[in-house]
Amino acid sequence: LAFGAISDPFLAGAAWFSVAMLASVAALLATIAVLRIRLLKRIARWREATARWSPLLAECTERVPAVLPPLARREAEMFLVLWCKAQESLRGEAQQRLRQMARTLGAGPIARRMLALRRRRFRLLALVTLGHLREASVVEHLMDLIPDAPTVVSMTAAQALVRIDPALGVPRVLAATARRRDWALGEVAALLRECEPEHIGPLLSAAIRAEMRAHADDKPAFGLARLLRLHLCAHADAVRAAVLEALDGARDLEPLIAALDALFHPQDADRARRLLAHGEWEVRAAAARALGRLGGPDDFERLRAALGDRSWWVRYRAAQALCSLPQLDAQALSALPGRLTDAFAADMLRHALAERSAA
Amino acid sequence: LSWHDAAQQAQWFFFAYFVVLNLAYVALNALATLELRKYLDERVLDLLPRAHSPYEPPVSLIVPAYNEETVICSSVLSMLQLEYPELEVIVVNDGSTDGTLDALSREFDLVPFPEAYWRRVQSKPVRGVYRSKRFPNLRVVDKENGRSKADATNAGINAAHFPLFCVVDADSLLDRSSLRRVVEPFLHDPSVIAAGGTVRIANGCEVRNGFVEAVRLPTRMLPLLQVMEYLRAFLFSRLCFAALNAVPIVSGAFGLFSTRAVVEAGGLRSDTLGEDMELVVRLHRLHRLAGRPYRIAFLPDPICWTEAPESLGVLHGQRTRWHRGLCESLAIHRALVCHPRGGAPGWLMLPFMIVFEWLSPLIEAAGYVFIVVGFLCGVVTAAGFWTFTLLAVSAGMLLSMSALLLEERSLHLYRGRGELATLCAVALFENLGYRQLTALWRLQGLWQWATGAQARWGTMTRTSTWQKDGQP
């Protein structure tokens, strides 16, 4: 190459390779231009669709007109997005009227066709739409998606199923939540909150007990911990017994901590008191946290002793718990750091007191 | 081996290196395209309303600040407005010699706070901790200067109370939903220990109340050229390596970490210039060698905007430091390279970084010098000279244009009149001088690392026009 002329086959190959790359650059330039034109057209179509359907959607929340304009095929995706947005920001009768509107426009068959497409964005939009439409015909398909489909698809299918048939959907969602660590608990909680909390309590209790039975052997029980953390979605009384059973039977750290965090009744404080001496600092910290919620003046000495724990986190939680104990003399508490012989404990209590005064 | 033979073989080596380098990047681009398509498809659900839940883990936002008097208050104010349910902001004043602490004290009504400071990771002594009377979730840690961002970050980690911490540069501009988005990988996978996102150039953008309101291209040439560089760096390699769980770096401008994982790893190292890359490679190494499951996630969304240098001098210093940091990180963790338990980071990412990032300035610069000098000395023919030049330039153009195509297919952020045409022009012309110049700067960084020259933090001259418009 170094000494060759362009007739050198290697040099000629390199030159042709460069020319091919330049041609690719030109092709990419053209593709970028085409993509931009398509983007601008898509934006214009969105604007048109929004201008056309937004007023109608607003009208339909009050009253569905006898005659609706036809839903053009090319507008279907945009309409469904606008419709789903409206559905998710409304409640009650307005949602029902929007469903009536969508059915009149044939949104159900459109969404079912979309569900069969390969592109994930169409499938997701279809799942959300079908859930809001309460399309019972897709229930079987949704149940198939929940256990094994990719995270976002399975989660959206679960949401649709719960909307269509909560009695069927909630137990399946809870069972899947215990198994699927890729499901964000916040998203599960959001879909459970669409159901009545009094219905969730017994189902969640049953799921917790089923998970305890399933993990009676030595398998790690992360599923149990996940279910226990969902206690916020149910009435506390309804899951209390199951939480206590889980707390008493838990061997692993995760469910033990989750159960401690789920304690809410002052009568259960004894369990937290016992666990304040647990060998693992995470459990002791959770126990101190629980005593901060459930404890009384009798716990003062116990928590004061925990201020001397070797773990920073236990000391911190104990100090916070001390600051939130009821019926304690605020002045005496403020003076306590000065009386403590353990400098770490005193520092921590000062920290917690300053935090409390800032809150 | 005659002189001529050696010259010929050297030229073939340079030719082969350029071809393999560019083909490797094109392959990364192809993989990134597939990843991005999957990711963007799932974003259709983002169009729907979404509520926060108590299940999102609380986050400590750590803002290391050294002589940031002019920008710190507005930055902190915007951070306090991030959409996130539970958040504490910890500003670490790293012994600033300007009025950073006074400015914070005035703006946020700071009072001393009796922090039970826990020195979990190494940092210089703390002089005091303050909390804001206006914002209960804002604390300021005042410490002795540690001559590195890592030391200040470590002090922030020591004061952090939450399971996740996010390091944010004082001059970074965030999106209101930045934190929510970067937390998502942690919600879906308990093994995630770090997550980062795409950083973009803020120069030229319209900024209001500390947030980017409209994305615009910079008007000056140097930041404009960096826009293209950032496109290549973030969309290509990080997205592709993320699919293999081999992300090489979580940007120091905005990155989220598991507090526990970083504390167990010993915090950030103060003796390297690339502390962000070093930490991420160390996390890979520790987890891989211990056989612990983990994942380091990357989001293609632009979640952080940073001010790019507008002068050659500052850019020169920045690129030299970056390359030196890269060299340090790769050298420190060379044990992971092709280690039996190294996985994708050890067998793919690190070898790639060594061959195509670490050594590239050396080989690129040597190639240019060889061709030019050879041509002037008559060793290389005119045909050889022009073919090599055409090859190098066209390969660079192809890479830049592929990055632009990926951007246009996915996020298409630059929608202003004529902005796409400007970017296309930049993608073509940055290969005629600018890339060669940055290769030289990187070579200088490589040299400084090899000779062990004294590491120094450069000063970043900020223009921050949005700070001068009277915006808080």
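A compact table of results
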read-out: Centroid-to-centroid separation of region B:235-289 and region A:71-145 [C-alpha atoms, Å]; value: 41 Å
read-out: Cα long-axis angle, helix A:197-214 against chain A (0 to 90 degrees, to the nearest 10); value: 80 degrees
read-out: Extension gain, A:Arg193 back to A:Thr31 (0.36 nm per residue minus Cα-Cα distance, nm); value: 53.7 nm
read-out: Whole-number D in µm²/s for region B:212-261 (Stokes-Einstein; Kirkwood sum over Cα pairs; 37 °C, 0.692 mPa s); value: 249 µm²/s
read-out: At least 24 Å along the helix axis (C-alpha) and Kyte average at least -0.5, DSSP helices within chain B; value: B:3-42, B:312-332, B:360-377, B:382-410, B:434-451
read-out: Gyration tensor (alpha-carbon) shape descriptor, region A:138-255, a/c threshold 1.5; value: oblate
read-out: Over region A:234-302 - Rg/Rh using Cα atoms and the Kirkwood inverse-distance radius; value: 0.94
read-out: Taking the convex hull of Cα positions in region B:154-215, its mean projected area over all directions (nm²); value: 5.4 nm²
read-out: Hydrodynamic radius (Kirkwood) for region A:93-161, which is based on Cα pairs only, to one decimal in Å; value: 12.0 Å
read-out: Label point distance in nm, B:Met221-A:Asp148, each placed 7 Å from Cα along Cα→Cβ; value: 6.0 nm
read-out: For residues of B:183-192, the mean tally of beta carbons on other chains within 10 Å; value: 3
read-out: Ordering of B:30-38, B:280-288 by packing [mean C-beta count within 10 Å, highest first]; value: B:280-288, B:30-38
read-out: Cα lying deepest toward the dipole's positive end in region B:299-355, options B:Pro340, B:Trp322, B:Cys304, charges on Cβ; value: B:Pro340
read-out: Other protein chain Cβ atoms within 10 Å, averaged over every residue that makes up A:349-356; value: 4
read-out: Computed [θ] at 222 nm, deg cm²/dmol, the protein assembly as shown (DSSP H ≥ 4; -39,500 (n - 2.57); rounded to nearest 500); value: -19000 deg cm²/dmol
read-out: Placed amide H near B:Ala297: partners under 5 Å, 5+ positions off or other chain; value: B:Ile193, B:Ala194, B:Ala195, B:Gly196
read-out: Mean shadow area of chain A, taken as a quarter of the surface of its Cα convex hull (nm²); value: 31.6 nm²
read-out: Pairwise FRET efficiency - A:Ala241 versus B:Leu312, Cβ, R0 = 60 Å, nearest 0.05; value: 0.25
read-out: Pairs of alpha carbons in region A:206-359 whose separation is greater than 24 Å (percent); value: 36 percent
read-out: Cut-off 18 Å, label 7 Å out along Cα→Cβ of A:Trp312, residues of region B:141-158 by amide N; value: B:141-144, B:150-158
read-out: Directionally averaged shadow of region B:234-340, computed from the convex hull of its alpha-carbon atoms, nm²; value: 7.6 nm²
read-out: Residues B:Leu326, A:Leu325 arranged by fewest to most Cβ contacts within 10 Å; value: A:Leu325, B:Leu326
read-out: Bins of 10 Å, starting at 0 and running to the largest distance - Cα pair percent for region B:15-80; value: 14, 18, 20, 30, 16, 2
read-out: Pair-distance profile P(r), taking every C-alpha pair of the protein assembly as shown, with 20 angstrom steps and integer %; value: 13, 41, 35, 10, 1
read-out: Summed residue charge, Cβ within 13 Å of B:Val192's Cβ, Lys/Arg positive, Asp/Glu negative; value: +1
read-out: Region A:30-72: C-alpha pair distances exceeding 14 Å, %; value: 62 percent
read-out: Rg in Å to one decimal, and Dmax rounded to a whole Å, for region A:227-268 via C-alpha atoms; value: 9.3, 26
read-out: Alpha-carbon gyration tensor eigenvalues x 5, square-rooted, for region A:1-92, Å; value: 58, 12, 8
read-out: Degrees separating the helix A:166-179 axis from the principal Cα axis of chain A, which is the longest one; value: 80 degrees
read-out: GNM result for chain A, Cα springs below 10 Å: residue of A:Gly296, A:Gly92, A:Gly201 fluctuating most strongly; value: A:Gly92
read-out: For region B:384-432: span of alpha carbons on each principal axis (Å, largest first); value: 41, 18, 9
read-out: Positive-end residue of A:Leu260, A:Leu142, A:Leu29, charge dipole of chain A with Cβ unit charges; value: A:Leu29
read-out: Nitroxide proxy distance, nm - points 7 Å out along Cα→Cβ at A:Asp342 and A:Asp329; value: 2.3 nm
read-out: C-alpha long axis of helix A:9-60 to longest principal axis of chain A, angle in °; value: 70 degrees
read-out: Segments A:170-177, A:123-130 sorted - mean Cβ within 10 Å per residue, highest first; value: A:123-130, A:170-177
read-out: Kirkwood Rh, angstrom, chain B [1 / mean 1/r, Cα pairs]; value: 23.3 Å
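Values in this text are rule-based calculations from the coordinates and carry no lab data. The structure presented is a predicted model; accordingly, all values stated were derived computationally and were not measured. Positions of Cβ are generated from backbone atoms using ideal geometry, with glycine treated the same way; all protein chains shown enter the neighbour counts.
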